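Asker: Quick one: the structure is below, and I'll ask about it shortly.
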Amino acid sequence: MKVQVNGDQLDVPEGMTMEQLLASRNVNPGIVVVEHNLTILKRDQLAAVILKGGDQVEIVRLVGGGSSQQSAVSSQHKPRHADCRLLVADCYGERRLHG
């Protein structure tokens, strides 16, 4: 089945979980934020989310550094939305960073 990951179409097996998708791409879930169909997932949800054909996934890598005036978020792709806001989920919930 096909899902969209960071703007690219990928073929993934039926029944694949979000956790398995991250593992298949060698992505450490502790350093990324995952958005699934416009919803930010908490880390404890990754194993329970089963991908379906047509799903849209954004994987945003957290990075440190820079000044306190800059947001500490990096993505491996260019934003595709006119209204570009990055959502960052931490262990306490969600925090919205404007970019």
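Asker: Output wanted: per-residue J couplings in Hz (rounded whole) for the range 8-19, from phi through Karplus 6.51 cos²θ - 1.76 cosθ + 1.60, θ = phi - 60°, x for Gly and Pro.
Answerer: With the stated coefficients, the range 8-19 comes to 9, 7, 10, 8, 10, x, 4, x, 5, 8, 4, 4 Hz.
Asker: Quick one: which residues, 5+ away or cross-chain, put their amide H under 5 Å from the amide H of Asp55? H built at 1.01 Å from N.
Answerer: The answer is Gln4.
Here, each number is a calculation from the coordinates, and none is a lab measurement. All values derive from a computational prediction rather than experimental measurement.
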